[in-house]
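Student: Pasting in a structure now, in structure tokens, and then I'll have a few things to ask.
The values are calculated or read from the model by the stated rules, or taken from the named source; none is laboratory data. Computed from a prediction, not measured in an experiment: that's the story for all the values here. Glycine gets a Cβ as well: all are built from the backbone with ideal geometry, and neighbour counts include every protein chain shown. Accessible surface areas use protein heavy atoms only, side chains included; no ligands, DNA or RNA. Shrake-Rupley method; radii C 1.70, N 1.55, O 1.52, S 1.80 Å.
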Amino acid sequence: MSKVWDVIIVGAGPAGMSAAIETAGHGLSTLVVDRQTEPGGQIYRSVGSSPMSGKLGSDYADGLPLVKRFLQCGAQFEAGANVWDIAPDRVYYSQQGKSQFVRARQVLLATGAMERPVPLPGWTLPGVMGSGASDVLLKSAGLLPEGPVVLCGNGPLILQAAVHLSHFKVPVAGVLLTGRLGNAMRAMKHASGILARPGYFLHGMNMAAKTFLGQKCVLGAQDVSIRESGQGLSVSFATRSGKRKSLAASTVLLHEGVVSESRITRLARLRHAWDQTQRYWHVDADMWGQTSAPGLRTAGDTVTVRGALAARAEGSLVGLDICRELGRLPLAERDREARPFLRTIRRCKALQPFLDEYFAPTPAMLQPHPDAIVCRCEELTARDLSEAIRGGCYSPDGLKAQARPGMGTCQGRVCGQAVVEMIADAQGMPLENLPLYTAQPPLFPLRLGELIEMPSPSDLL
């Protein structure tokens, strides 16, 4: 395999595949690396082989034609490749126990998004998982959670999970919705955006109607905790009136929205921006994916979480501009081919403020209970970390140095958001003044032997 490419794309989700179709289609040598064994990303996970490909609705099935086009576009796809370091013209990745070093004239980061981890008491117990993780198991292996299931959280994935469980006749004990009741009123300020994507909006309303009519729903649930009971799990919560209740479950699915996966863009030292409504950091890039580092671009949910349709259009736009940058497309031709994708992005952007407000996270839910384990790798509770914060910590990196959150195998991927919320609340600091942990290579643990055996970068010169 070549060590020097015109374009390297990290991530074979909707944005990465769409960009590769453009760059490879215009004759640029294109390498796509992804940690998964198949292209598709989270939203189209295993759509090419899943037994559920025809049973999970058009949102999922729409990914199959895209995957087929990608596999036939001429781009080199490297599956099971974990990127552990990045620079404007080079990518380091590990595959089957061996590390590789490849160079490119342009690098595109399309690593997508992740579920926002929200520590609460009992969230590390067996049988408790993210709603998105359950969705991945369903798509990739046809596995359904054992019922009765309690769903808890705020966001469209909770509604989608409730609909899927009902469709496959998995018993649901209850749906605890943690969003603020005022979100709907605030979202109405942006109601005109519904006109830009009426079909998508009605699809969401249909999922909400099925959930509210078919399941036992609790609005404004708060102070949620989970413990093991003799029969399985017990989910305790407070209602809006303050009355405590509990539900028995075999499985608990949690979800508090989706945030950009920013570890790799922080590792590349790119400039980031703060999303005040959804409360997360994301890389700062223009419509063509240009970041603060020349030669490094981003696309899709890595930039801003808007879903698969927007990610596909953004990936295509970035791919076209890479073709222009590398001399394969005149500017006028790039602009002509970009028009349909720009229209799609305008429609998605018009509706997004409504969705962001409607599913805005509840700040109280983001403050971990003292007994909740925040750093799963080091098994540190919120009480442990609060003591260090009160002792004089004013940044995630400072807390990491003093109390060790973020020092484990996940490198702060799980606890980073919660740590920022805790410091901001305890010290009275604006969240936008608290960047996440500083990312360091390697992004995940590697054997020393793997690093020693890796060819030297000078071998490529």
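Student: Cα to Cα, under 29 Å, and not fewer than 8 places away if on the same chain: which lysines meet these conditions relative to residue 245?
Tutor: Within the straight-line limit of under 29 Å, residue 245 reaches these lysines: 169, 210, 216.
Student: State to the nearest 20 debye the size of the charge dipole of the chain about its Cα centre, where the only charges are +1 on K and R beta carbons and -1 on D and E beta carbons.
Tutor: 1000 debye
Student: Then there is this: Of all accessible surface on the chain at a 1.4 Å probe, what whole percent is carbon and sulfur? Numbers along the way, then the final one.
Tutor: Values: 10550 of 19800 Å².
On the chain, the fraction of accessible area on carbon and sulfur atoms equals 53 percent.
Student: Still on this structure, please answer the following. Given that just one value was derived from the coordinates, which of (1) 1.05; (2) 0.93; (3) 0.98 is Cα Rg over 2.2 N^0.38 Å?
Tutor: (3)
Student: Quick one: helix 131-141 against the long Cα principal axis of the chain, what's the angle to the nearest 10°, folded into 0 to 90?
Tutor: 60 degrees
Student: Show the residues, 5+ positions off or on another chain, whose built amide H is closer than 5 Å to the amide H of residue 172.
Tutor: Answer set, sorted by chain and number: 149.
Student: For helix 14-25, what angle does its Cα long axis make with the longest principal axis of the chain, in degrees from 0 to 90 and rounded to 10?
Tutor: Tilt relative to the chain: about 10 degrees.
Student: Enter the accessible area of residue 140 (Å², nearest 10), with the probe set to 1.4 Å and all protein chains included.
Tutor: Accessible surface of residue 140 is approximately 50 Å².
Student: Right, next: Kindly report the accessible area of region 1-122 per residue (heavy atoms of protein chains, probe 1.4 Å, no ligands, DNA or RNA), in Å².
Tutor: Working: 4390 Å² over 122 residues.
The answer is 36 Å² per residue.
Student: From the residues 446, 195, 407, which one has its Cα farthest along the dipole of the chain in the positive direction, the dipole being from +1 and -1 charges on Cβ of Lys/Arg and Asp/Glu about the Cα centre?
Tutor: 195
Student: How do 237, 168 stack up against each other in accessible area, from largest to smallest, with a 1.4 angstrom probe?
Tutor: 168, 237
Student: Here is a further query. Summing +1 for each Lys or Arg and -1 for each Asp or Glu, what net charge is found among the other residues whose Cβ lies under 15 Å from the Cβ of residue 200?
Tutor: The answer is +4.
Student: Net charge within 10 Å of residue 131 by Cβ-Cβ distance, Lys/Arg positive one each and Asp/Glu negative one each, not counting residue 131 itself? Write out the running numbers ahead of the final one.
Tutor: Details: positive: none; negative: 115, 135, 256.
Taking every other residue near residue 131 into account, the sum is -3.
Student: Given the rule -39500 (n - 2.57) for each run of at least 4 DSSP H residues, summed and divided by the residues of the chain, what is its mean residue ellipticity at 222 nm, to the nearest 500 deg cm²/dmol?
Tutor: Computed mean residue ellipticity for the chain: -10500 deg cm²/dmol.
Student: What number comes out for accessible area per residue over region 290-343 if the probe is 1.4 Å? Units Å², please.
Tutor: I get 38 Å² per residue for this part.
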